[in-house]
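Report on one structure; see the data block that follows.
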Amino acid sequence: MMEEEELEFAEDLEAILHLTPEVQLAIEQVFPSQDPLDRADFNAVEYINTLFPTEQALAEAQVAIGQLFGKIKDIKDKAEKSEQMVKEITRDIKQLDHAKRHLTTSITTLNHLHMLAGGVDSLEAMTRKRQYGEVANLLQGVVNVLEHFHKYMGIPQIRQLSERVKAAQSELGTQILADFEEAFPAQGSKRAGGPSNVLRDACLVANVLDPRIKQEIIKKFIRQHLSEYMVLFQENQDVAWLDKIDRRYAWIKRQLVDYEEKYGRMFPEEWCMTERIAVEFCHITRTELAKVMRTRAKEIEVKLLLFAIQRTTNFEGLLAKRFSGCTLTDGPGVKKPEPPLESTNPFLEGEVGDDGSEMEEDLDRPKKHKAPDNPFHGIISKCFEPHLYVYIESQDKNLGEMIDRFVSDFRAQGPPRVGTEDGGAVLPSCADLFVYYKKCMVQCSQLSTGEPMIALTTIFQKYLREYAWKILSGNLPKTSSNSGGLTIKSLLQEKEGSEAAKFNVEELCLICSILSTAEYCLATTQQLEEKLKEKVDKTLVERINLTGEMDTFSNVISNSIQLLVQDLDAACDPALTAMSKMPWQSVEHVGDQSPYVTSVIMHIKQNVPIIRENLASTRKYFTQFCIKFTNSFIPKFINHLFRCKPISMVGAEQLLLDTHSLKTVLLDLPSIGSQVVRKAPASYTKIVVKGMTRAEMILKVVMAPHEPTVVFVDNYIKLLADGNPETFQKTLDMKGLKRSEQSSMLELFRQRLPAPPSGADGGPSLSFSTPTPEQENSRIRKLEKLIKKRL
């Protein structure tokens, strides 16, 4: 079986390797060869027989092969011997390399040992002679060389040298401290010594010694340098009180200048001795001021406190300009703050240059000072924080007096009747209030960004509410029909037959002024909240929340708009009442618009231009006024339209003409009486078109013949899309049909109503119910809530 497979494989291989004569010829031309193996007709059997024609030839070949294997084995043996010889040679070379490396290390170590021994001897001799300049360079070298002998500390001689180095370092430290003590004694006001080259070199040695030596030198020198300050400004001294706090800062300025002149070159520059003296002075001053203020807390007045704080923050700002703060933090310093952008809003302006009633005009205020950018902020002024309640109480009192003054000024001067340059009649008192708020916020943030800022925020909230109640809501005109109080519900309810006293021009201007002021307060309160959150510590940000105060101003805006709507709405009520009482059945011909339409248009032309002019800076609230008035007037007009019964065909035509006239006026309401005609907002136009079109459809149904009944009912459903039987009955009453006729038509109406779509709950369906006046008012209330949310 295997032989057959091999035979088949050979045949297949032969078939694959068989080339056509043309291909074979081309190959021979490209690669010519005389080798018989390359011939196309090569025969392996014949080729072998040619090489080995006899058995003897074959035996000779086997002998030659044996000889070849012998030669190969001989070459292999020689190669192994050569490899062994190379290994013996390299082993000797490696030993020489190790010996060389060990010898080099020994020589280097001996040199280091020689240097160490000589250096220790020299170091001890120089120490005794106080040759600190040479010691500073030598000591560092000796310490560096000694590091190479850490692994040889088990050798007694090496350990002895190390101990001698430590002893020399200890002796140097004690000796240098004694030299400084002798040059700058702690006792007595007169300095026995002073700066010298010996002490300057001693400081260089201290850099190499234990860091505690350097710290001890600095500590003793600063303590001795500030000892005079501790005596001059003791707690029982007159100059220690806050009113003479300038003398403290003048004293340290003189001392720093004196230090730079006398000792500036004695200490290394990297020690930052000038800054260290200033920092220690600040720590001492903070402690001393805290003690004296605790003792004389009852004598602290707000003006005195602010004076001391201002002088202190000025000094801290001066330190920030002079020093980097490297002795306070590990950082190299801080970047200078970029100047803020200019703005007319008090909470977007720069925070310097505001003169306050409790701040003296000649105080040197730090320019564009921001606490986080000053590494020295609070280093002294932190001691005033426990006493800031005096400042907070003072601001509470000042703001209370300011609100009372605003109330009295308003009563004495009356409301403004002319708007500002922007067209809005914003009360000037609100700008005064927020400017004062800004000044207080900046002052307090310079004093503390912690709990005092939260206390100040509470004061701000208190007087924002008082301003909204006493100045804004408290001065809104009262209507005779709403003397019991102003509520949205009472403003939106229809008062039939009641004639509220119409506001005069001055009262309309006042309402618009209060609305514009409330809008300004709303926007500025939001900015105030953002600024307070920027100033306060990050851990206290969540406690800053002025949402309630912003809601209060939003309510003032809403109430002001409702008053304007109620006033115009009430002015139109007599005209609508007159419309419902006219004998529409006896009208004989269609003429110009009816007198009641003229009356409505007259009231609109009287009120709307005044309101638009005074709300020019708050255009969105004028649009809200137009929308609210339309939402109130149109349902009321339709309600009075249903009361016009019975109506003749001519009477219905006259009413249709009147309705179209009112529709035209309402569409033009936002720009009525204006020289500049603006396109009304699409949202407003949609409300007018939808509401007045419904009134027109009602009148068209009234004008249509009620027979045949089926056609009349279908036409009603098509025009009004109203499935409420009560509305249909009101329409029949307007046509003057008797109850007997109405019953059959009502039954047919119910039958002809399209069936609601069947399916799962919640599917879309067409509503045919006519909204009642109460439902219309409900929609207005919903709109009112939506507007309030957007505000």
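The values are calculated or read from the model by the stated rules, or taken from the named source; none is laboratory data. Fair warning: this is a prediction, and the values are worked out from it, not measured in the lab. Backbone-built Cβ (ideal geometry, glycine too); neighbour counts: all protein chains shown. The protein model used for the area step is the full one, side chains on, heavy atoms only, and it has no ligands, DNA or RNA in it. Shrake-Rupley method; radii C 1.70, N 1.55, O 1.52, S 1.80 Å.
Structure notes:
- Against the conditions (1) modelled with pLDDT under 85; (2) under 30 Å from residue 618 (Cβ atoms); (3) of a type in the set (Val, Ile, Thr), residue 665 satisfies every one except (1).
- Among the conditions (1) at pLDDT 90 or above; (2) of a type outside the set (Phe, Trp, Tyr); (3) open to solvent by less than 20 Å² (accessible area, probe 1.4 Å), residue 379 misses just one, which is (1).
- Flag for residue 508 being in contact (Cβ under 8 Å) with a residue 60 or more places away in the chain and farther than 17 Å from residue 474 by Cα: no
- Only one of 522, 568, 532, 563 that is aliphatic (A, V, I, L, M), part of a helix (DSSP H, G or I) and touching a His at 6+ places or on another chain (Cβ under 7 Å): 568
- Comparison of 778, 743 shows that the only residue that is on the phi < 0 side of the Ramachandran plot, modelled with pLDDT of 85 or more, among the hydroxyl-bearing types (Ser, Thr, Tyr) and part of a helix (DSSP H, G or I) is 743.
Let's see how each residue does on (1) at pLDDT below 90; (2) on the phi < 0 side of the Ramachandran plot; (3) of a type in the set (D, E, K, R):
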{"residue": "384", "(1), (2), (3)": "yes, yes, no"}
{"residue": "390", "(1), (2), (3)": "yes, yes, no"}
{"residue": "406", "(1), (2), (3)": "no, yes, no"}
{"residue": "410", "(1), (2), (3)": "yes, yes, no"}
{"residue": "416", "(1), (2), (3)": "yes, yes, no"}
{"residue": "432", "(1), (2), (3)": "no, yes, yes"}
{"residue": "446", "(1), (2), (3)": "yes, yes, no"}
{"residue": "450", "(1), (2), (3)": "yes, yes, no"}
{"residue": "464", "(1), (2), (3)": "no, yes, no"}
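- Some residue of segment 179-198 being assigned to a helix (DSSP H, G or I) and modelled with pLDDT of 80 or more: no
- Meets criteria (modelled with pLDDT of 85 or more, open to solvent by 40 Å² or more (accessible area, probe 1.4 Å) and either assigned to a loop (DSSP other than H, G, I, E, B) or in contact with a helix residue (DSSP H, G or I) (Cβ under 7 Å, 6 or more places away or on another chain) (or both)) for residue 316: no
- Once segment 52-64 is narrowed to residues that are open to solvent by less than 90 Å² (accessible area, probe 1.4 Å) and out of contact with any helix residue (DSSP H, G or I) (no Cβ under 7 Å at 6 or more places or on another chain), the residue that is modelled with the lowest pLDDT is 57.
- Of residues in segment 677-693 being surrounded by 13 or more Cβ atoms within 10 Å (Cβ to Cβ) and at pLDDT below 90, the one farthest from residue 608 (Cα to Cα): 681
Here's the yes/no breakdown for (1) among the polar types (S, T, N, Q); (2) touching a Gly at 6+ places or on another chain (Cβ under 6 Å); (3) surrounded by fewer than 21 Cβ atoms within 10 Å (Cβ to Cβ):
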{"residue": "555", "(1), (2), (3)": "yes, no, yes"}
{"residue": "579", "(1), (2), (3)": "no, no, no"}
{"residue": "582", "(1), (2), (3)": "no, no, yes"}
{"residue": "594", "(1), (2), (3)": "yes, no, yes"}
{"residue": "613", "(1), (2), (3)": "no, no, yes"}
{"residue": "620", "(1), (2), (3)": "no, no, yes"}
{"residue": "624", "(1), (2), (3)": "yes, no, no"}
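- Any hit, segment 639-657, residues being open to solvent by less than 40 Å² (accessible area, probe 1.4 Å) and without any contact (Cβ under 8 Å) to a residue 40 or more places away in the chain: no
- Evaluated against (1) closer than 30 Å to residue 605 by Cβ; (2) free of Cβ contacts under 8 Å to residues at least 12 places away in the same chain, residue 569 falls short on exactly one condition, (2).
- Among the residues making up segment 229-286, those that are among the aromatic types (Phe, Trp, Tyr) and assigned to a helix (DSSP H, G or I) are 229, 249, 251, 259, 263, 271, 281.
- Among the residues listed as 580, 554, the single one being more than 29 Å from the chain's Cα centre (by Cα) and polar (S, T, N, Q): 580
- Taken over segment 705-730, the residue count meeting the criterion of being under 22 Å from residue 584 (Cα atoms) and more than 60 Å from the chain's Cα centre (by Cα) is 5.
- Single match in 588, 530 (criterion: surrounded by fewer than 16 Cβ atoms within 10 Å (Cβ to Cβ), at pLDDT below 90 and at negative phi): 588
- Hey, residue 676 aliphatic (A, V, I, L, M) and assigned to a helix (DSSP H, G or I) or not: no
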